[in-house]
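Inspection log for the structure reproduced underneath, given as structure tokens.
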């Protein structure tokens, strides 16, 4: 009996209990030990002054501590090492409470979608011919009707990247579609057909997006369309944009990972902060 009790105690030491989050509950063995070590030494950057683990044990429980614990455990499950995880936590902190200057964005000139009264505005500077933009932007757009419904609105600013072939022609097409009031229809279709792009295809896509293809071509060639594209790029440069996609969450530049789960989680966190809802109901 004594041996059985000793074995049980040793098991508890080797695999300490973790936070009760979906990602943490799925861990076991060395992965569980790694996650526990990080949660025992890292601190939330808001809501609670203790370690993440101790903040989770407090009542009421800091919502941010729960989010960070789940983030850590997701990363451990994905095979990330300790150094990478700690750096990711640091980047997230800089993004959310870094204290740097906020971006100045002309939302009247941006293509904005989502609930007007949402507490979070996410601005994305994206190139029409950026491969990762073609994945992330539609995914974020879809979340406005899912987890982010009522929480966020998405504002698009076109930022052509010279190294992306066709970025000017595609950017002009985005700007023309915006001037014709069908930006999101056209942009989402263009991103879905990303691998099929050619300047000639854009007239066909305009028709599919509900635009008059003849007028669309005229708008693309107008100086006002080029001026709008140039203004969008200049605004991005002023805000420090160098690559795409670049996100700003309520004016603060996001320097964390650009994976959909990470970005959505950060947006939900920001909504909780704006609403003053810092304590988890889980």
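The values are calculated or read from the model by the stated rules, or taken from the named source; none is laboratory data. Predicted model only: the values in this text are computed from it and were never measured. Cβ atoms come from the backbone with ideal geometry, glycine included; neighbour counts cover every protein chain shown.
So here's what we get for this one:
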| quantity | calculated |
| --- | --- |
| Unmet requirement for residue 257, which otherwise passes all of (1) more than 30 Å from residue 77 (Cβ to Cβ); (2) touching a residue at least 60 places away in the same chain (Cβ under 8 Å); (3) in a loop (DSSP other than H, G, I, E, B) | (1) |
| Yes/no for residue 277 being over 25 Å from residue 167 (Cβ atoms) and part of a loop (DSSP other than H, G, I, E, B) | yes |
| Search result, residues across region 114-137 that are buried (at least 17 other Cβ atoms within 10 Å of the Cβ) and either outside the structural domain of residue 239 (by TED's automatic domain parsing) or not in a loop (DSSP other than H, G, I, E, B) (or both) | 114, 120, 121, 122, 123, 124, 125, 126, 133, 134, 136, 137 |
| Within region 204-254, considering residues that are free of Cβ contacts under 8 Å to residues at least 12 places away in the same chain and touching a helix residue (DSSP H, G or I) at 6+ places or on another chain (Cβ under 7 Å), the one nearest to residue 140 (Cα to Cα) | 207 |
| So residue 134, is it out of contact with any helix residue (DSSP H, G or I) (no Cβ under 7 Å at 6 or more places or on another chain) and farther than 19 Å from residue 248 by Cβ | no |
